Every structure is written in C-alpha cells, then in structure tokens.
1. Could you please let me know if Asp90 is within 20 Å of Asn26 (Cα to Cα), charged (D, E, K, R), without any contact (Cβ under 8 Å) to a residue 24 or more places away in the chain and not assigned by TED's automatic domain parsing to the domain that holds Arg273?
2. Test Phe154 against the stated conditions and say whether it is in a helix (DSSP H, G or I), of a type outside the set (A, V, I, L, M) and crowded, with 20+ Cβ neighbours inside 10 Å.
3. Does Asp192 count as closer than 30 Å to Pro278 by Cα, part of a helix (DSSP H, G or I) and out of contact with any strand residue (DSSP E or B) (no Cβ under 7 Å at 6 or more places or on another chain)?
4. Being closer than 17 Å to Ile52 by Cβ, touching a Pro at 6+ places or on another chain (Cβ under 6 Å) and either hydrophobic (A, V, I, L, M, F, W, C) or surrounded by fewer than 14 Cβ atoms within 10 Å (Cβ to Cβ) (or both), is that true of even one residue in the stretch 213-232?
5. For the stretch 253-273, how many residues are free of Cβ contacts under 8 Å to residues at least 40 places away in the same chain and either surrounded by 15 or more Cβ atoms within 10 Å (Cβ to Cβ) or assigned to a helix (DSSP H, G or I) (or both)?
6. Considering only residues of the stretch 160-193 that are loosely packed, with under 14 Cβ neighbours inside 10 Å and at positive phi, which is farthest from the chain's Cα centre (by Cα)?
7. Given the criteria under 30 Å from Phe243 (Cβ atoms), modelled with pLDDT of 95 or more and assigned to a helix (DSSP H, G or I), does Asp207 qualify?
8. Condition first: farther than 25 Å from Trp279 by Cα, at pLDDT 95 or above, outside the structural domain of Gly226 (by TED's automatic domain parsing) and surrounded by fewer than 21 Cβ atoms within 10 Å (Cβ to Cβ). Can you find one or more residues in the stretch 98-119 that meet it?
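The values are calculated or read from the model by the stated rules, or taken from the named source; none is laboratory data. Everything quoted here is computed from the prediction, not taken from an experiment. Glycine gets a Cβ as well: all are built from the backbone with ideal geometry, and neighbour counts include every protein chain shown.
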Amino acid sequence: MQFETLDYQVQDGILTLTLNRPERMNAFNGPMRRELITAFDAADADDAVRVIVMTGAGRAFCAGADLEKGGDTFNRHTRTDQPEGADLRDGGGTVSLRIYECTKPVIGAFNGAAVGVGVTMTLPMDIRLASTNAKFGFVFARRGITMEACSSWFLPRLVGPMQAAEWIHTGRVFGAEEALRGGLIRSIHEPDELLPAAYELAREIADNTSPMSALLNRQLMWRMLGADHPMEAHKVDSRAIAFMGESDDAKEGVRSFLEKRAPEFRLSPSQDRPDFYPWWDERPFE
C-alpha cells in the first residue's frame, strides 16, 4: 500500500508499519492520523498479516504533534484535520481507539524520541520495545494542554497511578532506562538490534499461535480491564473457550503438539469470528 506519511510492508506474516516523515521527526499531523487508521483497517482485513510491528524512520519514533502552526497548533477552531461530524474529538484518540480495536497483536519498536501523541498513541499496543536512543515524554502540562489520545485511561492501567502521575505532572522527558523501570516498555536494545528483537517476538507469535485465538485473547484482556467483577470475564471467556474448543484450530493445536510439528491454523480472523464478537458497544460518536 502507498501512503504519504507511512511505509507499509508485509512479509511472512509480519506488517512493518513505519512512521515516515523523517524530515519532521515523524511528527503527527492530519494525514498521518487518517493514514494510520486506514493502515490498521487494511491490516485487520488482511489475513496474511499476523502481527504488526510499528517503528519510525530516521532518528525519531514520533516527536509528537507537528508544531508548525505555532501557538494555534492545538486550537480546534483553526484546524482542518478533525474527524468529520465530531469537531470535539481528539485526533490522537481516534488512532488510539483504532489500535485498541485491532484484531492483531501490535508491537511498538521505539527507535528514538516518542513524545506527546508520539507515545500516547502507542499505549494500546500489546508490547513495546525501545532502543538505547529512545526518549519519552508526556509533556502536555508543559505545553499548556492536557492528556489526550485516551492516555488518561491507558497510562495508569499500564504503569500504575503513581508513576503515571509523576510523568504527567512533571511533563519531563526521560530515557529508556526509566521507561523500563516504570513498566512502559518491555526491554531495551542497541539501535541495530531493536527491529531484530521486535521481529523475533513477532515471529514467535506468527509461527506458533492461532490468529483467532490472538483476536479473542487481545480483546478479552483489554475489555476486562474495565469490568467491575470477574464474573464479567467468566461470562465472555466461557463463550470464547466454547467457540474455540470445538473449532478446527483447537484440534490442530493439540495434534501439532502431539505430533511435535509446527501448527497450521485455518480459522480466518476476518471471516470466521464467533457470533458474539464484538460483545461490547462503546462508540458514542458514531
């Protein structure tokens, strides 16, 4: 697929999605917002995509919102890139919500700076890795704005309320070691080892797991973070395990294990979803 702000490459079940505005440190703008949503739509519709790895071109992952408009950068009355029909919606939030609803595992590979929306839009990803060159910053208070991209929901759940509060209230930029200690990232790698590490993890998922299991497991974990009782999980995972337990993928998973060979799962996450999926309705803007 061809994009203005992204590079989209699929090889052997892995989509590498690269933010590609290196001359602007991959700063987030209207075209990037729209193209990211389109890219995740395309990935969900393509059963050849098993795992998504997202990174940045050049020396940054994403330097945050493009500030070329100066002081009016965040003024909604001067913007032309808002979602149609909902001029109070935060653009970064539309991307975060799209990644949240993705049916494929998503791995973030931070090759450099990830600041503002450059980090908040990655919070719905499943696993985040960083290079030693990576820096992070939830700099909103220092820019006179607030948290965005649904980060007030995601960040405390990922790193805990106290760590989230420190990063948000100070607005300071910090390095990969602090991000690792705080639970924002899984591991740190030398720059030339970052993508190989991300691909090794993606390969383990793509080669050994059922795509349908990945779809259901991903949404079970995210959706249950807001449940008020474990019974809500029991209701849904009972339906999920019943559906998968009688499927050809379950038979293949057991056979391949007993026969000591790689599995060949057949269920299509774009075509064979169970009748109860999706079991939620959280789209107030639609």
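1. No: the conditions fail for Asp90.
2. yes
3. When the stated conditions are applied, Asp192 does not pass them.
4. yes
5. Taking the stretch 253-273 first, the residues free of Cβ contacts under 8 Å to residues at least 40 places away in the same chain are 254-261, 264, 266.
Then keep just the ones that are either surrounded by 15 or more Cβ atoms within 10 Å (Cβ to Cβ) or assigned to a helix (DSSP H, G or I) (or both); that gives 254-258.
So the count comes out to 5.
6. Gly160
7. Answer is yes for this residue.
8. Looking only at the stretch 98-119, we keep the residues that are farther than 25 Å from Trp279 by Cα, and these are 108-119.
After this cut, where a residue has to be at pLDDT 95 or above as well, the list is 108-119.
After this cut, where a residue has to be outside the structural domain of Gly226 (by TED's automatic domain parsing) as well, the list is 108-119.
This time we only want the ones that are surrounded by fewer than 21 Cβ atoms within 10 Å (Cβ to Cβ), so: none.
Checking the stretch 98-119: not a single residue is farther than 25 Å from Trp279 by Cα, at pLDDT 95 or above, outside the structural domain of Gly226 (by TED's automatic domain parsing) and surrounded by fewer than 21 Cβ atoms within 10 Å (Cβ to Cβ).
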